[in-house]
Every structure is written in C-alpha cells, then in structure tokens.
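J.: Here it is, the structure in full.
The values are calculated or read from the model by the stated rules, or taken from the named source; none is laboratory data. These numbers come from a predicted model, not from an experiment. Heads up, the Cβs are rebuilt from the backbone with ideal geometry, glycines too, and the neighbour counts pull from every protein chain shown.
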Amino acid sequence: MTQRLTLSTVCLLVLAPLLWAGNAIVGRLVHEAVPPMTLNFLRWSIALCILLPLAGPIFRRGSGLWLRWRRFAVLGLLGIGLYNALQYLALRSSTPINVTLVAAGMPVWMLLTGWLFFGMPVARRQVAGAVLSIAGVVLVLARGELRHVLELRLVLGDALMVLATIAWSLYSWLLTRVNAPDDVRGHWASFLLAQVAFGLLWSGAFAAGEWAFTAAQIHWSWSLAAALAYVALGPAVIAFRCWGAGVQRAGPSVAAFFSNLTPLFAALMSAAFLGEPPRLYHALAFLLIVGGIVVSSRR
C-alpha cells in the first residue's frame, strides 16, 4: 500500500541516496586498503555499537526480536549481509559506471519482485516512471553522449550487482511485511538493531570465508578509520533509518525511483572532488529522474 508523497517522506527518500552516493565514493577510495567482505563487517560492527545504547533492551529474554527471529534473520541477510557486500565485491572487477548502471534497474526489479512474490499489480504509470527514471540515470552515466553507453562491457562484477539489486528489492518489500511486536517496531533504533544483529552474523561469516580462502589484508590508517566512521554512521544507520521509514510510508515501488538519485549525487560529488562544475546533462538527468518519481507516484 502506498500513501501520497509528503515533503517529509520525500526528504527521507532523498537523504538515503545522498548518503549512499558518499558510500560509493568512500568505498572506492578504500577498496585497496580493506577487503570488501571485511569492509562490510567492520561497517556494521561500528553501527551495532552506535545502536546498542539506543535499543539494547531488545536482546532481553522474551523480546519481540526472538519471537520473530526468522524474519529478522532474512532481513539481515538481504539488506546487510548481502547487498553491500556484493556491491563492494562488484567494484573489485567492474567499474563504478558499470555497477551504477546495473543498479539503475532497481525500479524494474522492485516492480517485478512485488508482482511475482507479493501479488502487487504493475500499473502503466509505474512502467512509464521506470523508463523516465532509468533514462535519467543513463544520461548521467553516458555523460551526455550515447557513445559512452555503447562502450560499456559487462564483467563478473556486473552480474554480482544484479544479485545485489534483487536482494535489495526483496529486502525493501519485506520491510512492509514484517509483523514485528511493538517493542521492536515501535522504535526505529530497535527495528534497525534487530536487523543489524542478524546481519552482522551473516557478514561476519562472509568475512571469515574471505580471510580463510583469500590473501586478505587490512592497511590501517587514519583515513581508513575516518572512512569506516562515515560508512557506519551515515550510509548505514542514518540512511537505513530514512529508507525504512520512507518505504513504509510510500511503498517499495515508489521508493525505488528515489534510489536512482544515487548515481546522480555520486556524479555531482565526483565532479566536486575533481573540481569540475556540473554540466547541463546533470540538470536534464535530474528532471528525468524526478519526472519518473512524479509519474509513478501519481494516483
């Protein structure tokens, strides 16, 4: 079920992609300093420490966390254990532009997931909105020239990003289907901590496999510590809080279109770091993405 978009809902669904864009840039900057699975595990370990003082009582005996532990284990696997780990892993063999382009299919996967597994009909306006939104993303990735899209080549990392996008689609739909007791759902930190607790088990298992079967190493530095602090507080705790609240208000199908703001924000941030001013195609892409949001969310 979706509700009419309000200013507060729009702010929630815009802030999450803004923080995730920073996550993509930071993740790329430190990809040689820390292995991808380990980066994901460290990120959520710090996030757990941030959330514990806010929602620690959910671990007491008889808490709703244990009554619905299977649901939270699935949410933790899809949204925390898999999505970002696969994204970080994809960046090892693919380019950021390819990974972002694959992730731009999020609205399509969200519509298909809702239709196949949750019985949600797909309206023509949603299809039209998906076309507009993806066209805006492609315009950013092509830097205003079609030849850049034609030069793209798919590799293993792109396939991994497809799996990550499907996992996130399932995660977003399940957010609206979790029948959690009031002591967990009633407070945002409790609901997120319940997911992080199980997600950390998954990501820890993946990181352990990474150290057991690869030549994993961490090159510690103050810049890496700052990067870990950012990806734990911003893209993890704050962005997940905003995304969860926005999805529950607007519905997964509408929220998916806001996720396509991520590559636009990433392009603008990259331009800022490189000292290059935004170009005309950035403005056109923004209009296309917003147009997709408006068309898809109209009643």
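J.: Given the conditions (1) farther than 30 Å from Arg70 by Cα; (2) modelled with pLDDT of 85 or more; (3) in a helix (DSSP H, G or I), which single one is not true for Val149?
T.: (2)
J.: So Cys49 fits all but one of (1) touching a residue at least 60 places away in the same chain (Cβ under 8 Å); (2) part of a helix (DSSP H, G or I); what number is the exception?
T.: Here Cys49 meets the rest and fails (1).
J.: Now a separate question. So if I check each of Ser45, Ser63, which one is of a type in the set (Ser, Thr, Tyr), surrounded by fewer than 19 Cβ atoms within 10 Å (Cβ to Cβ) and closer than 18 Å to Phe191 by Cβ?
T.: Result: Ser63 is the single residue among Ser45, Ser63 that is of a type in the set (Ser, Thr, Tyr), surrounded by fewer than 19 Cβ atoms within 10 Å (Cβ to Cβ) and closer than 18 Å to Phe191 by Cβ.
J.: Residue under question is Val14, and the condition is that it be in a helix (DSSP H, G or I), modelled with pLDDT of 90 or more and under 13 Å from the mean Cα position of the chain (by Cα); does it hold?
T.: Working: in a helix (DSSP H, G or I): yes; modelled with pLDDT of 90 or more: yes; under 13 Å from the mean Cα position of the chain (by Cα): yes.
Considered against the rule, which asks whether it is in a helix (DSSP H, G or I), modelled with pLDDT of 90 or more and under 13 Å from the mean Cα position of the chain (by Cα), Val14 comes out as yes.
J.: OK, next. Please list, ordered by first then second residue, the pairs with beta carbon atoms under 8 Å, 6 or more apart or interchain, first in region 196-213 and under 12 Å from Ile80 (Cα atoms), second among the hydroxyl-bearing types (Ser, Thr, Tyr) and in a helix (DSSP H, G or I).
T.: Partner pairs satisfying both residue conditions: Leu200/Ser45.
J.: List every residue pair whose Cβ atoms lie under 6 Å apart, where the two residues are 6 or more positions apart in sequence or sit on different chains, the first residue falls within region 244-269 and is at positive phi, and the second residue, located anywhere, is hydroxyl-bearing (Ser, Thr, Tyr).
T.: Gly251/Thr2
J.: Right, here's the next one. Scan region 27-42 for residues that are surrounded by fewer than 23 Cβ atoms within 10 Å (Cβ to Cβ) and of a type in the set (A, V, I, L, M, F, W, C) and jot them down.
T.: Result: Leu29, Val30, Ala33, Leu42.
J.: May I pose another question? Tell me, please, whether a residue that is touching a residue at least 40 places away in the same chain (Cβ under 8 Å), farther than 17 Å from Ala226 by Cβ, in contact with a Ser or Thr (Cβ under 8 Å, 6 or more places away or on another chain) and outside any helix (DSSP H, G or I) can be found in region 32-40.
T.: For region 32-40, residues touching a residue at least 40 places away in the same chain (Cβ under 8 Å), farther than 17 Å from Ala226 by Cβ, in contact with a Ser or Thr (Cβ under 8 Å, 6 or more places away or on another chain) and outside any helix (DSSP H, G or I): present.
J.: Tell me yes or no: at least one residue of region 183-202 is surrounded by 17 or more Cβ atoms within 10 Å (Cβ to Cβ), at pLDDT 90 or above, out of contact with any strand residue (DSSP E or B) (no Cβ under 9 Å at 6 or more places or on another chain) and among the hydroxyl-bearing types (Ser, Thr, Tyr).
T.: No, the conditions are met nowhere in region 183-202.
J.: Out of region 267-282, which residues are modelled with pLDDT under 75 and of a type in the set (A, V, I, L, M, F, W, C)?
T.: Restricting attention to region 267-282, the residues satisfying the condition of being modelled with pLDDT under 75 are 267, 270-279, 281-282.
Passing the criteria: Ala267, Ala271, Ala272, Phe273, Leu274.
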